[in-house]
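Structure first, then comments.
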Amino acid sequence: MITLLGELVNMDSGSYDKAGVDRVGARLSQFFVEHDIVIRTERHAKFGDAIFAEVGTSGGGNRPIVLMGHRDTVFPKGEAGLRPFRIEGARAYGPGVADMKAGLVMNAYVLAAFRRFGGAPAPLLGLITSDEEIASPSSRPVIERTAKSALAVLNSEPGRPSGNVITGRKGGIFLAIEVRGKAAHSGGSFKEGISAIGEIAHKIVALHRLTDLEAGVTVNVGLLKGGQSVNTTAPLAEAEVDLRYVRPQQRDDLLEKVAQIVEVSTVAGATASFGIKGEFVPLIETEASRSVMAAYAAASGELGYAVGGEFSGGCADSGFTALSGAPTLCGIGPIGGRAHTADEYVELDSLVPRAKALALTILRL
């Protein structure tokens, strides 16, 4: 498992790097072929292809249990060469090692075990997607279609540092805001200019005021660019915004408040517009998902350790599967932390126990 994980981590696979994402997919497909697992691929022209790994059983059910995971990362091309897979003590490091290449390795080995030994109560379907880190623009339809016919979905995002799994997640919206001003020489014709940067600065302050930690709402302007030159009044400025919320009812209210901020200008003459670049929906607990959690907790207890459910402020594809009606449990991958940073790690000693817990949960379903 560690050897395969190292291979995957050492392949760049940023969400927009189709060649890199598909290279990771090819390596996983090779693994499946070597273990006599049927694979099929849904091609995509812009983003990585969706990969399905199918393990049939002698069980009576025909609704599959879906083992889900994404192979894209947030890191740019070249990052794997700068920070290749390494092991220090009981931890492994590298871009995407926890989020979520370790989960993909775990899923692959569990599928291979059931292919070799049988015993699953229903068909197993491994779904490996390509663009979760940017809200799954190509994968969401595939995920939702797959989830609608699933008995359950087990999403192998990294387990919490506490050892717990994830039973609830926030929803999230990625927004792009564009502010238009008017260029002018900032010395000789200052009065003729309309600063788009000046206007977007006001909007950033107003957007950040929407954060309400008690309500679970956070707003972060994560990217900003604008201007033409240091001695020109900025004719254009752009920002990208991450908005998170807990309850589905909060979504429309927040978007209405954003629209008001964008519409009202503080700098006379400036205009602005915004659009949604990507969106996640919340992962909401249901009675059915609590039953899956109970099965996972019982399986973990049988292995000698207690596991609880946690709520996460992060978003994931598990929200889409839950919204599609599939009982969903998330964060069942190997334990890791500090995702999206240079310090991202996975606890190597958790690879086998978490794989065993997943396999036993499948048997209980």
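Rounded to the nearest 5, what is the percent of antiparallel bridges among the DSSP beta bridges in segment 47-138? Close to 55 percent.
Over segment 246-365, Cα pairs under 8 Å with separation of 6+ residues give a relative contact order of 24 percent.
For segment 1-68 and segment 308-365, what is the centre-to-centre distance using only Cα atoms, to the nearest Å? When both Cα centres are located, 17 Å separates them. Seen from residue 170, the other residues with C-beta closer than 10 Å to its C-beta sum to a net charge of +3, counting Lys and Arg as +1 and Asp and Glu as -1.
From the cross-link list 170/356; 18/170; 170/277, which pairs have alpha carbons spaced over 21 Å apart?
Numbers: 170/356 28 Å; 18/170 27 Å; 170/277 17 Å.
Pairs exceeding 21 Å: 170/356; 18/170.
Within segment 175-245, the trypsin sites (Lys or Arg not before Pro) that combine a DSSP coil assignment with at most 11 other C-beta atoms in a 10 angstrom radius are 209. Neighbour counts of C-beta atoms inside 10 Å place 341, 73 in the sequence 341, 73, starting with the fewest.
Which whole-number percent is the relative contact order of the chain (Cα, under 8 Å, 6+ apart)? The partial results should precede the final answer.
Values: 883 pairs, mean separation 82.1, N = 365.
About 23 percent, as a whole number.
At 222 nm, what helix-only mean residue ellipticity would the chain give, in deg cm²/dmol to the nearest 500, using -39500 (n - 2.57) for each DSSP H run of four or more? The helix-only estimate for the chain comes to -10000 deg cm²/dmol at 222 nm.
Out of all DSSP beta bridges in the chain, what portion is antiparallel? Express it as a percent rounded to 5. In the chain, DSSP labels about 70 percent of beta bridges as antiparallel.
Listed by chain and number, the aspartates and glutamates whose C-alpha is less than 18 Å from the C-alpha of residue 46, apart from same-chain residues fewer than 8 away, are 12, 17, 22, 72, 131, 132, 133. Hey, of (1) 0.99; (2) 1.19; (3) 1.09, which did the structure itself give for Cα Rg over 2.2 N^0.38 Å when calculated? Evaluating Cα Rg over 2.2 N^0.38 Å on these atoms matches (3).
Tell me, what is the percent relative contact order of segment 1-66, built from C-alpha pairs under 8 Å that lie six or more residues apart? Please list the in-between numbers first.
Numbers: 59 pairs, mean separation 15.3, N = 66.
Reported relative contact order: 23 percent.
A short reminder: the numbers here are calculations on the coordinates, not readings from a lab. Predicted, not measured: the structure shown is a model, and the values here were computed from it. Quick reminder, even Gly has a Cβ in these numbers, built from the backbone with ideal geometry, and neighbours come from all protein chains shown.
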